[in-house]
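Below is one structure, written out as structure tokens; the observations come after it.
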Amino acid sequence: MEEVRVRIAPSPSGNLHVGTARTALFNYLFAKKNNGKFVLRIEDTDAERTSQEYIDNIFDSLKALGLNWDEGPDVGGPYGPYTQSERFDIYPKYVQQLLDSGFAYECFCTPEELEAEKAEATANKKPYVYSKKCENLTEEEKAKLRAEGRKPAIRFNIAKAQRAFHDTSILEFDDLVKGKLHMDTDLLGDFVIQKSNGAPTYNFAVVIDDMLMKISHVIRGEDHISNTYKQILIYEALGVPVPRFGHLGMILAPDRSKLSKRHGATAVSDFVKQGYLTDALINFVALLGWAPSDGEEIKTVDEIAQDFRIGEISSSNSIFEYDKLKWMNSHYIKQLSMEELEERLKPYLEKYDLTELSKEHFDKMIEITREPLTLLSDITDAVEYFFGEDVNYDEKGRETIETEVSQNVLKDFVEKAQGWEWTEENLHEKLEVFRGYWKEQGIKPKVTMWAVRAAVTGRTCGADMVGILEVIGKEKTLNRAKKAIK
Ligand code: GLU
């Protein structure tokens, strides 16, 4: 059987989008499942929109997600180069082949002439299709146009190719995801395969690259379906096998519009900056259009690869539920060992002077604050009160310390706690007795604890109180409690 070879071919005109990450993942899974190869090709022919920063971002993001490629610009491979801009000398030969076989022709129309054609179509409320004005120019006519200084673009002759290989204008193909799809190719228009400056267009370069890189299956977003018809005709005109195509539904925002920055992060690197774990992100992305057979959604990429069948990908659009991703992220955070978690939290603790805490107290702080973390970045706020001498009260915290009951509780706390030995076990015991005493005075234990917590942390809820007192230490605790007393 023919070797399975798939590819992801991002255009570096931005940071790696989650949608591209999903396309990359499905290609990667398909390769894994079939013992095939996963190729990375950078499609950087649009020089104005391309930047090295975006290329680096694509590399880094794919690697962070664990989507390692077998062949690509950095690792090389038998069918390189894998960066399109380094392949410009490859394309002219194939353009010439199509010119010679009559499946392509030179077009001398100026941008103004083409604009006028388009304007006429719009005025007549007709979809624009190139008039084929240049299809049958004689050698003499061409020579004359050349003499005027015009440089031809090369157009693909759709009708000619279609009629040569199919007996109707309808082109049909069997999509791996969507099943049978078809289109009337007379509506496509003779598209340009090489611009007048000699540069290949996307639809042409992609076919030549996929052909030479021996790509067996092209899996990509459904926004490329209309390109697929053009590409199939080019393969046929070149006389080479056509790969199988599979088109994935779109990813929509919860409001069903196109996912964009106004909904939240869209680039993988932005999710990472916000405190998402790449393990959670890739797990979540896999579920956009695919469902595990056992219904168990939390899965590693390796586990997903075992279970993955391309025919089971949903052909409809998927909704990007940020809330579900957050839930998954919190799940993945809980799975991390203390060591891994601390390592990943470090970037979010940069504003604090960590030397204020011993290693033991740092560990304790993380241990008692990790449970509610949804994003790694939540840690910044969660540990704020462990640092510095004074405490910032939030609104409830301020209200709480100002009540008469709290003031009485705090005075008593300062007096009693002075004599406490500051160990976990002892603090447990002493606080228990302290609460018991105030209960006898008719104050509910939770009200007693609110007063202490608000004075020491500025807040009315948060981590385990004994742990907090332990980490903050006796001196700072008492100072804060004293300052809270009017
Ligand atoms: N560079 C194209 C894109 O980013 C690739 C499309 C394809 O997979 O053929 O949309």
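Derivation of every value follows stated rules applied to the coordinates shown; laboratory data play no part. As the structure is a prediction and not an experimental result, all values here were calculated from the model. Because the Cβ atoms are built from the backbone with ideal geometry, glycine has one as well, and the counts that use them run over all protein chains shown.
Structure above, values below:
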quantity	calculated
Rounded to 10°, Cα long-axis angle of helix 404-417 versus longest principal axis of the chain	70
Candidate lysines for bridging to LYS32, where Cα separation is under 20 Å - those fewer than 8 sequence places away on the same chain excluded	LYS63, LYS214, LYS299
Added length on full extension, which subtracts the Cα-Cα distance from 0.36 nm per residue, ASP70 to ILE298	79.5 nm
Reachable aspartates and glutamates from LYS132, criterion Cα separation under 16 angstrom, eight or more residues apart if same chain	GLU106, GLU112, GLU113, GLU115, GLU117, GLU120, GLU141, ASP186, ASP190
Segments 233-241, 345-353 sorted - mean Cβ within 10 Å per residue, highest first	233-241, 345-353
Fewest-first sequence of VAL129, VAL177 by Cβ atoms within 10 Å of each Cβ	VAL129, VAL177
Calculated FRET value between GLU321 and ASP412, using beta carbons and R₀ = 30 Å, to 0.05	0.05
Rounded to 10°, Cα long-axis angle of helix 445-457 versus longest principal axis of the chain	70
Cysteines not pairable in the chain (beta carbon separation under 4.7 Å absent)	CYS109, CYS461
Prolate/oblate/rounded label for the stretch 393-486 (Cα gyration tensor, a/c 1.5)	rounded
Computed lengthening from LEU354 to SER226, 0.36 nm per intervening residue step minus Cα-Cα distance	40.5 nm
Helix axis angle, 111-123 relative to the chain longest principal axis, alpha carbon, degrees	80
Amide N of the stretch 2-27 lying under 16 Å from the label point, which is placed 7 angstrom from the Cα of HIS331 along Cα→Cβ	none
Note, ³J(HN,Hα) from phi for the stretch 322-334, Karplus 6.51, -1.76, 1.60, rounded to Hz, x at Gly and Pro	4, 5, 5, 4, 5, 4, 4, 4, 5, 4, 5, 4, 4
Per-residue [θ]222 nm for the chain (sum of -39500 (n - 2.57) over DSSP H runs n ≥ 4, rounded to 500)	-14000 deg cm²/dmol
Label-reachable residues, the stretch 460-486, where backbone N falls under 13 Å from a point 7 Å from ASP390's Cα toward its Cβ	480, 483-484
Relative contact order [Cα under 8 Å, 6+ residues apart], the chain, whole percent	13
Two-site label geometry, LEU99 and ARG309: point separation in nm, points 7 Å out along Cα→Cβ	5.0
Pairs beyond 30 Å (Cα-Cα), from LYS93/LYS178; LYS151/LYS261; LYS118/LYS160	LYS93/LYS178; LYS151/LYS261
Longest to shortest principal axis, alpha-carbon extents of the stretch 328-486, angstrom	46, 32, 27
³J(HN,Hα) computed for each position of the stretch 214-224 - Karplus, 6.51 cos²θ - 1.76 cosθ + 1.60, integer Hz, glycine/proline x	6, 5, 8, 9, 9, 10, 7, x, 5, 5, 9
Gyration tensor verdict on the stretch 315-412 (Cα atoms; rounded if a/c is under 1.5, prolate if a/b is larger than b/c, oblate otherwise)	oblate
Qualifying trypsin sites (Lys or Arg not before Pro) for the stretch 255-295 [loop in DSSP, other Cβ within 10 Å: at most 15]	ARG256
Net length gained if the chain between TYR128 and SER269 were fully extended (0.36 nm per residue, minus Cα distance)	46.8 nm
Hull volume in cubic angstrom per residue (convex hull over the Cα atoms of the chain)	210
Candidate lysines - alpha carbon under 21 Å from LYS446, same-chain residues fewer than 8 apart omitted	LYS396, LYS411, LYS416, LYS430, LYS482
